[in-house]
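Quick notes on the structure that follows.
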Amino acid sequence: MISKRFVIIFFTFLFLYNYAFGAELKIIGGSTSIKTVLEPIKTAFEKETGVKLTLIPAGSKKAIQELDNGNCDVASAAHNLKEIIKELEKENVKLKNSSSLKGHTIYKETHYSVIVNESNPVKKLSKEQLKLILTGKIKNWHEVGGNNLPISVIWGKLAEGTKNEVKKRILDNENPTESSAPATTDVSIINLVSNDPKAISVVATASINTNKVKIVDTPEIKSNPIILVTVGEPNKLVKLLIDFIHKEGYKYIKNQ
């Protein structure tokens, strides 16, 4: 005889499956959170649940603004939510739902790597050397044992979380030098560095998928835990995504 408990569980699952199948979750987020967690689990999540994940890299601050304006279901970031809100307030950006924004941790902190072109002979940089390079005070590679070439520092416009963590952990809150080349996400940064023997940048370690760039030995740089952000409590689809990441998603995420 089929138990009442089994019937309840079966029909609950059936309801959630039918609710989810064919639905879509639109997520706008920072480059690190999308590249490190959401892209790796996307295919498996869609196959398992029938929910389409639309991922749009836009930088963590822009993502929060888009969420606040109702232009996406969820925002993602590798940056502390309170700090993002404070930064937006400094820029005179007023959020309608600032008191209702909730962060949901989906992954531990991720690691960043300092990368240079594969032809660059520099293998190691101290914190002080890295700080002087990224703030523009050291301008030539020969000053740190490299070739006699000007240093080209590259930042991604959509990788604000990376820049903020570097500023806090390496630059002692000094402002970094401006990017010497237009870049958006980690992917575009890696492409630029792989083609420029003068270049240096910082990207999420999980983003590196080529031997045309070299990781330089430096002090460890980590992000805040990676979060999804919702207005109010997460709906059923967002809960489905969070549960999937916690229960199955980690096996798809590159070990860092």
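Every number here is computed from the coordinates shown, using simple stated rules; none is lab data. Predicted, not measured: the structure shown is a model, and the values here were computed from it. Because the Cβ atoms are built from the backbone with ideal geometry, glycine has one as well, and the counts that use them run over all protein chains shown.
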- Query: According to the square roots a ≥ b ≥ c of the eigenvalues of the Cα gyration tensor, what is the shape class of the range 110-224, taking rounded for a/c under 1.5, prolate for a/b larger than b/c otherwise, and oblate for the remainder?
  - Reply: rounded
- Item | Prolate/oblate/rounded call for the range 176-234, Cα gyration tensor, a/c under 1.5 rounded | prolate
- Item | Eligible aspartates and glutamates near LYS127 by straight Cα distance, threshold 12 Å, same-chain separation 8 or greater | ASP172, ASP217, GLU220
- Give the range of the longest stretch in the chain that excludes all GluC sites (Glu not before Pro) found in loop regions by DSSP and having at most 15 other beta-carbon atoms within 10 Å. 1-90
- Task: Excluding residues fewer than 8 places away in the same chain, name every one of the lysines whose C-alpha is closer than 16 Å to that of LYS42.
- Result: LYS26, LYS52, LYS239, LYS247, LYS251, LYS254
- Task: Convert each backbone phi in the range 201-209 into a coupling constant with the Karplus relation 6.51 cos²θ - 1.76 cosθ + 1.60 (shift: θ = phi - 60°), then list the ³J(HN,Hα) values in order as whole Hz, x for Gly and Pro.
- Result: 7, 10, 9, 4, 4, 5, 7, 7, 9
- FRET efficiency for VAL93 and VAL187 from the Cβ-Cβ distance with R0 = 25 Å, rounded to 0.05, comes out at 0.40
- Farthest toward the dipole's positive end in the chain, which of VAL193, GLY161, ILE151, given Cβ charges of +1 (Lys, Arg) and -1 (Asp, Glu) about the Cα centre? GLY161
- Interchain or sequence-distant (5+) residues whose placed amide H lies within less than 5 Å of the amide H of VAL74 are LYS26, ILE28
- Item | Of LYS86/LYS167; LYS82/LYS168; LYS123/LYS212; LYS35/LYS131, those spanning more than 23 Å from alpha-carbon to alpha-carbon | LYS35/LYS131
